[in-house]
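What follows is a single structure, written as structure tokens, with notes after it.
The values are calculated or read from the model by the stated rules, or taken from the named source; none is laboratory data. Keep in mind that this is a model prediction, so the values were computed, not measured. Note that each Cβ is placed from the backbone with ideal geometry, even for glycine, and that neighbours are counted across all protein chains shown.
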């Protein structure tokens with residue numbers, strides 16, 4: 001009976017998620033009908049940051065590794081796409097997988113060193129690696145230095161024209177949906193269950209003979225690879241790979257999105273990105289002191305929904321999404 005209830009709960013959750021994605025897919029024509037085409041580009045940016053925050057949430061929420069250098073992989077993906085564009089590789093089917101691969105390999109090296117530390121030391125060493133890459137980017141005049149590296153155009157995506165904002169929006173939405181589906185499968189598979197057990201009690205899992213370092217490293221690499229894809233998308237969105245994408249403040253922003261949305265919930269990162277970016281956009285229209293107002297909203301979220309908005313909403317319906 002319990003297995004049947006869990007299956008029905010999972011089915012309802014996936015049906016609800018599919019419904020949300022169908023509604024999101026209808027957003028561009030609705031905005032065009034009301035003459036608000038600008039917001040299609042803004043919505044695409046929100047989706048890209050939702051993807052980046054989701055990748056960090058996988059590392060923090062499911063792997064139990066509080067990393068403060070995730071911007072390294074986000075920025076690496078952006079610069080990979082921009083550099084390849086500069087070299088004449090305009091196809092998304094070349095540049096985007098390359099961005100994913102570069103970020104994954106970067107995470108493999110950084111993770112191999114960083115995961116030998118824990119707690120605040122892990123936080124600081126990931127931050128240090130990200131800052132090293134940031135200073136490398138601004139010192140490389142060939143790649144634009146402080147100004148960043150511009151893309152001549154958006155990547156070619158087969159018959160689809162990514163210069164058309166609605167098309168780019170749908171590609172970003174499809175990328176987010178695919179990554180969420182893959183992470184859902186991963187977290188429900190044996191690897192995901194073991195990973196979450198390591199998060200809860202690492203010493204016990206080591207005692208049981210599980211290769212803890214290998215599991216955590218693979219989790220770190222998967223999260224970085226998804227961040228690399230988000231980086232390639234954000235570079236195409238603004239047609240610029242900026243050093244700011246590598247800066248520690250970017251890592252902090254992504255971490256705030258995860259905390260606001262819900263650490264360890266599948267959709268927590270995406271929800272946090274939507275809430276944070278929408279709040280910024282709306283408040284900036286009403287006051288120049290929107291940072292203060294946003295801070296008050298974040299305080300309210302912390303007090304009213306300490307486990308994040310996604311967990312709070314699901315808790316209202318008696319169906320927690322958190323994967324234990």
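Numbers for the structure displayed
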| quantity | calculated |
| --- | --- |
| Residue tally, condition part of a helix (DSSP H, G or I) and over 20 Å from residue 238 (Cβ atoms), over the range 60-93 | 4 |
| The range 252-269: number of residues that are over 14 Å from residue 313 (Cα atoms) and in a loop (DSSP other than H, G, I, E, B) | 1 |
| Any hit, the range 24-36, residues being buried (at least 24 other Cβ atoms within 10 Å of the Cβ), within 27 Å of residue 153 (Cβ to Cβ) and in contact (Cβ under 8 Å) with a residue 24 or more places away in the chain | no |
| Filtered residues of the range 1-20 (kept if more than 20 Å from residue 257 (Cα to Cα) and either modelled with pLDDT of 90 or more or under 22 Å from the mean Cα position of the chain (by Cα) (or both)) | 13, 14, 16, 18, 19 |
